[in-house]
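Notes follow once the structure below has been shown.
The values are calculated or read from the model by the stated rules, or taken from the named source; none is laboratory data. Only a predicted model underlies this, so the values are computations on that prediction, with no experimental measurement involved. Using ideal geometry, Cβ is built from the backbone for each residue, glycine included, and neighbour counts are taken over all protein chains shown.
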Amino acid sequence: MNLATIRLADHTAAVRVESDSLVELGLPDVGAVLAAPGGLAAAATADGPRLSVSGADFAPLVPRPSKVVCVGLNYQKHIKEMGRDLPEHPTLFCKFSDTLIGAHDDIRRPVETEQFDWEAELAVVIGRQVRRADAATAEAAIAGFTVLNDVTCRDWQFRTREWLQGKNWDSTTPVGPFLVTTDEVGGPRPALDISCEVNGQVMQQDNTGDLLFDPVDLVRYVSTMIRLNPGDVIATGTPGGVGHARTPQVFLQPGDTVVTEIEGLGRLENRVVAEGAA
């Protein structure tokens with residue numbers, strides 16, 4: 001099953017995707033669907049007004065998750081090619097919901113950065129509240145997956161040893177367009193091709209099967225310290241090919257088009273614009 005959150009004239013609506021149609025579910029967004037009684041099971045059978053997929057205006061999949069937890073250094077080949085040892089524990093940081101934008105929204109490039117970079121990521125969407133999960137509970141807590149690009153201001157990220165200030169700029173993080181349930185992608189540990197293109201040039205290309213800490217591992221680890229709620233998002237890290245690591249370095253500029261795609265999950269296509277531009 002595929003779910004999405006779309007913008008209508010004066011509100012947002014959660015929808016179920018059925019071929020070329022969208023079925024309204026009577027709730028404002030996918031986060032509300034997951035938190036409602038019955039969750040995904042109820043969403044699978046709900047009926048409502050039908051709209052066309054063509055021309056749909058996708059909002060952030062979950063506009064206001066209680067938390068977005070992100071992981072760094074998690075693709076094994078990427079870690080090894082940088083000459084680093086594989087970490088024993090996940091490297092975690094958080095994003096705020098004000099960073100999130102829809103699948104086709106403009107990415108706002110802040111005037112304060114000269115090093116605006118892309119990071120294609122598989123994102124886990126939590127379907128039920130969970131704390132201190134074991135493996136089976138963690139698997140059951142994963143509603144499905146979506147596509148995210150953790151666009152980063154590198155010059156701010158590396159001002160200190162903490163990364164938060166490089167990762168939390170307003171309207172910079174596209175996420176969506178769909179929540180794809182685990183049964184559609186081979187289970188809670190999917191091996192899916194992931195890529196990022198900038199202006200038609202492939203910058204990142206890998207497979208999520210190379211993750212050091214897979215989605216189940218991450219739900220277990222994060223839920224040990226804090227409860228995960230329906231609609232919460234875990235961004236699982238990015239593969240090699242980011243602009244900061246290239247020689248010479250390459251960064252995003254106004255007018256660039258960024259396409260982030262994961263096999264079976266969908267595609268983000270976003271234009272970079274100067275913050276404040278129309």
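Please specify each residue of region 214-251 satisfying the condition of being in contact with a helix residue (DSSP H, G or I) (Cβ under 7 Å, 6 or more places away or on another chain) and assigned to a loop (DSSP other than H, G, I, E, B).
Those that are in contact with a helix residue (DSSP H, G or I) (Cβ under 7 Å, 6 or more places away or on another chain) and assigned to a loop (DSSP other than H, G, I, E, B): P230, G231, T236, P239, G240, Q249, V250, F251.
In region 17-40, how many are surrounded by fewer than 17 Cβ atoms within 10 Å (Cβ to Cβ), among the charged types (D, E, K, R) and in a loop (DSSP other than H, G, I, E, B)?
Number of matching residues: 1.
Do we have any residue at all in region 186-195 that's under 30 Å from R109 (Cα atoms) and surrounded by fewer than 16 Cβ atoms within 10 Å (Cβ to Cβ)?
Just the residues of region 186-195 that are under 30 Å from R109 (Cα atoms), to begin with: 192-195.
Filter again for surrounded by fewer than 16 Cβ atoms within 10 Å (Cβ to Cβ), leaving 193.
Taking every residue of region 186-195 in turn, at least one turns out to be under 30 Å from R109 (Cα atoms) and surrounded by fewer than 16 Cβ atoms within 10 Å (Cβ to Cβ).
Collect the residues in region 213-236 that are crowded, with 18+ Cβ neighbours inside 10 Å, out of contact with any Cys (no Cβ under 6 Å at 6 or more places or on another chain) and among the aliphatic types (A, V, I, L, M), keeping them in residue-number order.
V216, L218, V219, V222, L228, V233, I234
Looking at (1) among the aliphatic types (A, V, I, L, M); (2) outside the structural domain of Q165 (by TED's automatic domain parsing); (3) touching a residue at least 24 places away in the same chain (Cβ under 8 Å), find the lone condition where A9 falls short.
(3)
Does any residue of region 156-170 turn out to be surrounded by 24 or more Cβ atoms within 10 Å (Cβ to Cβ), within 18 Å of the chain's Cα centre (by Cα) and not charged (D, E, K, R)? Full working, then the answer.
Of the residues in region 156-170, the ones surrounded by 24 or more Cβ atoms within 10 Å (Cβ to Cβ) are 167, 169.
Still in the list and also within 18 Å of the chain's Cα centre (by Cα): 167, 169.
Those still in the list that are not charged (D, E, K, R) too: 169.
Taking every residue of region 156-170 in turn, at least one turns out to be surrounded by 24 or more Cβ atoms within 10 Å (Cβ to Cβ), within 18 Å of the chain's Cα centre (by Cα) and not charged (D, E, K, R).
Anything in region 85-130 that is farther than 22 Å from V222 by Cβ and surrounded by fewer than 15 Cβ atoms within 10 Å (Cβ to Cβ)? List them, or say none. Walk me through it before giving the result.
The first filter runs over region 85-130 and keeps only residues farther than 22 Å from V222 by Cβ, leaving 85, 101-118.
Within region 85-130, D85, V111, E112, E114 meet the criteria.
Of all residues in region 58-84 being surrounded by fewer than 15 Cβ atoms within 10 Å (Cβ to Cβ) and out of contact with any Leu (no Cβ under 8 Å at 6 or more places or on another chain), which is nearest to F178 (Cα to Cα)?
The selected residue is R64.
Given the options E269, E261, name the one that is in contact with a Lys or Arg (Cβ under 9 Å, 6 or more places away or on another chain), of a type in the set (D, E) and not in a helix (DSSP H, G or I).
Details: E269 fails: in contact with a Lys or Arg (Cβ under 9 Å, 6 or more places away or on another chain).
Result: E261 is the single residue among E269, E261 that is in contact with a Lys or Arg (Cβ under 9 Å, 6 or more places away or on another chain), of a type in the set (D, E) and not in a helix (DSSP H, G or I).
Scanning region 43-53 for residues that are surrounded by 15 or more Cβ atoms within 10 Å (Cβ to Cβ) and outside any loop (DSSP other than H, G, I, E, B), which turns out nearest to the chain's Cα centre (by Cα)?
Taking region 43-53 first, the residues surrounded by 15 or more Cβ atoms within 10 Å (Cβ to Cβ) are 43, 46, 48, 51, 53.
With outside any loop (DSSP other than H, G, I, E, B) added as a condition, the list becomes 43, 51.
Values: A43: 21, L51: 25 Å.
Among those that are surrounded by 15 or more Cβ atoms within 10 Å (Cβ to Cβ) and outside any loop (DSSP other than H, G, I, E, B), it is A43.
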